[in-house]
Every structure is written in structure tokens, then in C-alpha cells.
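Every read-out reported here was derived from the displayed coordinates using simple, explicitly stated rules and does not represent laboratory data. Bear in mind that the values here come from a model prediction, so they are computed numbers and not experimental data. Virtual Cβ from ideal backbone geometry, glycine too; neighbours counted across all protein chains shown.
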């Protein structure tokens, strides 16, 4: 491209020389340019504008010099920018307070929206080889010390690189690439256009604000699009917003490539499309979008096309209604509208505007019969008039880029004004002295442009920061459809940048019309539905982080926010609820008096104790009857007392375990059952000895009298008491907590830890030993005369006792939580009821219901 550009530039020089030699009227000949507009002045300001958007094809064979090549496709909007520059210069020249003794001139040229044309034109400007037609001869315009332009970032980068060698400052009105803020690389570049860095930052914040986490990106195929997308990606990193696709609008707008990228947009589940494209890219893209009838997308437009009339045409409304975007702050420049419309192609001037005929033909569809132009239209009548707002050229309702041109001219004028006001006491000195404005050097002007700080006639403060960028703010534009079927650009808010905090949004959501057919509802653009509280998200393999699956939090973990990445483990002694959203205190579980099971067992315990007391009373009442006297009433009373203790000890197992209850329940259990079995053992031994003494003269009963029985019961019981005392002294039972798992999660079970397993085993083992001896002796005495012994009842009671406690072991081990304690209580009550009923029920039956059998005769009958 560089070789071709310089050959074009050389061809322009050749054309200039040939034109001057031949004495013919000449136009801008520094390359294949459509034309330029020139006005003399003490200082001439250069301007570059894409009045045409299609440059001629370059001569790639380099066999001849092309001097008659022209640009095509007239761009009314860019011509308005050119005329705005002229308006600003004339306004300054008529202002007695700004540059009163100095006249500004201008040299504005067409760039044809091509880098090669832009470079060759700018080189002609700064070297003084640009020519214009003045009267009947050709004159060369003076070299310009500053250029307003270019409109594109890519060509501005080329110009800044090239003109930097000559210290020529540039003030761009549309180049927004963040790359141009590199002061080391582009020290002479300034702009009244906001950097893309801010717009990308604003777009990223808007996506987060509206909850759009799944978006598509479309960018231009140039430095503007590439750098803007790079900044946007950096801004989106770590915000939770993911990119579904990134499409690039192809240069030349090849139909197959456009069709393919629009099909990608159509197929994607992303409902929001973010763009960083120029106006011409948007026009070509939207034509294909409409052709494929895409109407379900929310378009987020950048400032280059959000107010572009060629895109907001009626046929695009079904696809683009509700478009939201950022636009430069709108301005109303007084007098500009009448200035734009007060022209006519037949108006004579020393240097006529070569673009007026094309404007006329574009606006009214007629021909001015200009020599050399192709005549395919009807002749113009000469009475046509331009009305404000009836064309893209005369539309002053959305002055944004035009206002940037206006500010650029005023920035240069104020810089020159500051140079004129230079004095040793005021302002910067160049090489120790003030600059000579009449012999202006571009580097001097560049320093003063960087220091301007003024308020425009519209009340806006303008200055350039250390990177050559202006103060930044955006209007937020929303496309509304009027009843007449036209697009209205409605300002629904604004975005103002602020150092250190990114920026601030002010949006009136009630005024926003959303795209995609949503109306007043904010579109939803997500890859996966946010995971509700109680779940966590897991990224789908091979897909962006916004595409995920939701999984229930594990037991004991929660997530109390929507879209949680991880579940949080509950603190100790807490557990998750069924929805896994809240940590609740773990349920403390013990056999309580308020539980139904605790109530039932308590009733059984009290009932057993009451029944035992009733039996005791009955035996006491009938203590002098033969039946009671024959069964050793004293031992019977001791047995009933021990059984009552057995029933009551079950109550010690019910209730919240504390230190004293744990010590009481186990020792009371051991001692009461030890006493009970000792009494049964004593009675069984006495019966067995009394009826098994068969030798003549043998009197064994003298060794088993009442005193001996008391002593035997006491010794047997004291052994158990001693075991319990040692147990309590060395390692007593203590309250303990144990975690168990149930259907609703783990519970904290309060129980009594036995302390010493050996002590507990000795207590149980001793009871088992006594019970075993009792069972053996009772079994041996089972066939004694029925009326004289109760051995068979003791045998039955011992069998029941062993059956209960043998079944107790597996039931206790397999029972969770408080049910293990309930099993233990049930075993105590069952064995106690077995002893009470088997031993005393037959006697009570005779005492109360068969008193005739309660006689000595009846007892001695067999």
C-alpha cells in the first residue's frame, strides 16, 4: 500500500506540473482526488473529509500515470462536516474578540474514505503542492500547519505516523481508536472525538447493569474495530459476561461472507448484539440482517452509526426498532442550519465549491449539465431550494460529529489566540521567546493546542488531557418508532466518565423501548438460567463460563445467593435445611419426657412401680396368711422393693443427660437389679436345699435361716455396690454428644457415655452371673411339689430376663439416636415386668381371688 500511495502522490505532482505547463484550469492534483475547497487566509487550516466513500481502483501495473481518476458515491453527511468547518472559520473571522487582527483560511479536501487517498492529499497539503482554481489560472495553496481529520482511525494512524516527521499536529473529529492515545507514538495527535476505551467501558458496564451475560460481538475489519474489541474484552473479563461469537464485517462487503456472519448471528441464542463498526459497515450489515428477517435481537450500537440516517430507514425498523446505543453529546449550533441551506451551485465565488453540483444532483435527482460529467438525469430548473432537515446533509437535529468538527476549528483558533497573547510574563516560551504567528511553525502550534482550555459558544468546556483526548460523556440513544413509521432518536440517559470509578449511568428505564419485540420488557440474554439458591453452578466442558449446569449443594452445605459458584459448608453444630439455603442449628436429640415415646415409657415405668407397690401392700396386708408366711415374707418384701427400684430407675434414663443423671441411671440400674436377682437367688437356694435334703439326721436348713439369707443377699448386693462405687470414682459415666444420620440430616444425640467400659461390663456381668446361678438352681428345683415351691415361676422369669437382655444387644446397637436409650429402658421395664408377673401374679391371684386356697391344709395337701 505504501508503494502505491507514493506512486499516486508522484503521479499527482506530475499532473500538477503538466497542468500548470499547459495553462489549463486545474483542480486538486496530488492524487486521485475528487476535489477540494480553498479559502485564503493569514493561517490556512487543512481539513480531510470523506465526501466520497469509494476511491478509484489503484493502477497496479504502474505502466502509466492516472490523473483523471475520480471518487464516487457522494456522502452527504461528510459534506456537512466539511461545510461545518467552513462555517466555523467564517464565524471566527467575524468574531471581533477571537483573532481580531488575523484571518483564518481553509483548505478542505476529499479523502474518498481510503488510506492511500488520505495520505497523498495530506502530503500535498503540508508540502504546499495542493493546488486550486482561482479565476483563470492555477495557484498553489500555502502549506497548512495543522490538519483537521481524519474521520477514520486507521487512516489517522497512518497520517499521525507520517506527519509526525514534520511535527504537523492533527485534530481528529471522528477517529476514536484507543491506540491513538499513545502519546509516545503519536505526540502531535489530538481529537475532539472520545476514545473507544470509554465507549467500550460504558458498554461493558451497561451489559452488567442490564444482566446481559451472553452477547454477540460484531466489529469492523480495521484498527478501530480490533482495538475497540480488545478493550471491551478486557473490560468484560471477570464480570460474568461471556461472548457467544465475534464476527468481523468484511472489507468490500462480500455477500457470501456477510451472509455467513449474519446466519451466525441468527442461529445464536445470544439476544444482544454489541457492535463496533463504522456507518458504512452498519448499512451493509443491516441490509443482510433485514434480508434474513432477524427480528429477535437487541442491538447495542456504537456512536458511529447509532444516529446514522441511512441505517434507520423504514425497511430496517422491524429488525432494529429498540436499538440502544451511545452517541456523542448532541449540540445545537446556532446559524449552521441556514448556512448549510443557503447555497446554490450557480453561486459565483473566487473559488467555487466543486462538491455543490454533486450535492444538488443527490438532493434533487437532476443534472446541472456540467461539462465532463455524465448526463443521465433530467436538467435542473435552477429554482430548487434546500430545506433544513429534509436530507442527511441539512439534518441539524443530531449534530454530533459536526459539533466535533466545530470544536476542532475553535481549538485551533484558541491555540493561535494564546500564541498571540504570549509574553515573557505569560504563556510558554518557545526557545526562550514567543512564537511568530506570521511565520507559524507546526511544532509551536502543537504545543499550544495541547494547552487550550476554553468554553465554547454552546457552554461546553474543552481541553485535552495528557493523551490528547477531550472530556468524555455520551448520550444514550434509543430508537423509537413514530406513528408515521419513522425512527426517532430518543435520548433516554447519559454516561459520564469519572476517574477511578469507571463512569456513571443515568438511564430512565421507563422511556426505553427494547428491541427483539420485547416492548417495555428488558430482553433476557443468558446462556444458562441462573442457578437458584441451594445450588451451585458447574461450567459446561468446552463452553464459556456463562454456560453452566446447576447442581444441588451436598448435605451440610448451602448457597444463599443466586448463581453461586461454590457451596458453603455449615459451621460446626449447624446443618443445611432441606432446600440447602440456610444453616440451621443441628437438632439436639435425646429421650425427652415430652416425646410420645418418652411419655409411654414413663407411664409404663410409673405403672410398674405402682403395680409393685400394690403387690407390696397386698402382701403386707396378708402377711400372716399361710401363703405369704410359706414364701418367706421378708425376702418377698425385699424383692418387691428391689423391683420397684428397677421400675423407677427407668425414669432416670428419660430426660436430658446431665452428670448426676448419668451416674444415677447406671448405678441405680446395677444395684436395683443386683438386689432383685440376689433375692431371687436366695429364695431359690432355700427352696432347693429344703427339698433336696434327703439324708437322715441331715439338717442343712440351719445354715440357710433368715439371718443367713439376709447376709447372703447383703453380700451379693454389696459386691455390686462396690463395683459401682469404684466405677464412679475411677471413671464415672458422663454426658456426651454423638452425631447420628437420619433422613433430615445429622442430629446431635445427647447420651451418657459409660466412662469405664470395664466398670460397665463388670456391672452387667455380675447381674448376668447372679441371673445364671438363679436360673440353674430354679431349673433344678422345677419338679418339686407344686404347692410348696415357686421354682418353676422363677425359671420362667429368668428365661424371660435372659430373652429380653439377649435381644437387647442387637436392638441397642442398631437403634439410632434416642431410640437406643428407649431400647435400654424397654429392656429394663420388660425384664422387671417379667419378674413381677411371673413370681407374684400367681400368689396375688390366690390371695385376692382364691382365698380358700390360702390355708395350711391346702398348702400341705401334697
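Computed from the Cβ-Cβ distance with R0 of 25 Å, the FRET efficiency linking residue 764 to residue 587 stands at 0.25. Rg and Dmax over the alpha-carbon atoms of region 489-584 stand at 19.5, 61 Å. Put in line by how crowded their Cβ is, counting other Cβ atoms within 10 Å and starting with the fewest, 780, 102 read 780, 102. Over region 535-585, Cα pairs under 8 Å with separation of 6+ residues give a relative contact order of 33 percent.
With both labels modelled 7 Å from their Cα along Cα-to-Cβ, the residue 599 to residue 721 distance reads 3.9 nm.
In terms of the Cα gyration tensor, with a ≥ b ≥ c the square roots of its eigenvalues, is region 186-286 rounded because a/c is under 1.5, prolate because a/b exceeds b/c, or oblate? Verdict is oblate for region 186-286. With coordinates expressed along the principal axes, the C-alpha atoms belonging to region 473-543 extend over 48, 38, 25 Å, beginning with the largest. Between residue 42 and residue 467, take the C-beta separation as r, use R0 = 35 Å, and let me know the FRET efficiency to the nearest 0.05. The pair residue 42/residue 467 has a calculated efficiency of 0.70. Taking the average, over residues, of other Cβ atoms within 10 Å as the packing measure, peptides 670-679, 581-590 rank 670-679, 581-590 from highest down.
As a proxy for reagent exposure, ranking 407, 185 by other Cβ atoms within 10 Å from fewest up yields 185, 407. Model label points for residue 209 and residue 711, set 7 angstrom from Cα along the Cα-to-Cβ axis, are 10.3 nm apart.
Here, region 535-585 is characterised by an Rg to Rh ratio of 1.07, where Rg is the alpha-carbon radius of gyration and Rh the Kirkwood radius. With contacts taken as Cα pairs under 8 Å at a separation of at least 6 residues, region 570-671 carries a relative contact order of 27 percent. Annotation: peptides 359-365, 213-219, 35-41, 808-814, ranked by per-residue average of other Cβ atoms within 10 Å with the highest first, follow the order 213-219, 35-41, 359-365, 808-814. Counting neighbouring beta carbons within 10 Å and listing from fewest to most, the residues 729, 568 come out as 729, 568.
Note on residue 94 and residue 520: with the Förster distance fixed at 51 Å, the Cβ-Cβ geometry gives a FRET efficiency of about 0.55.
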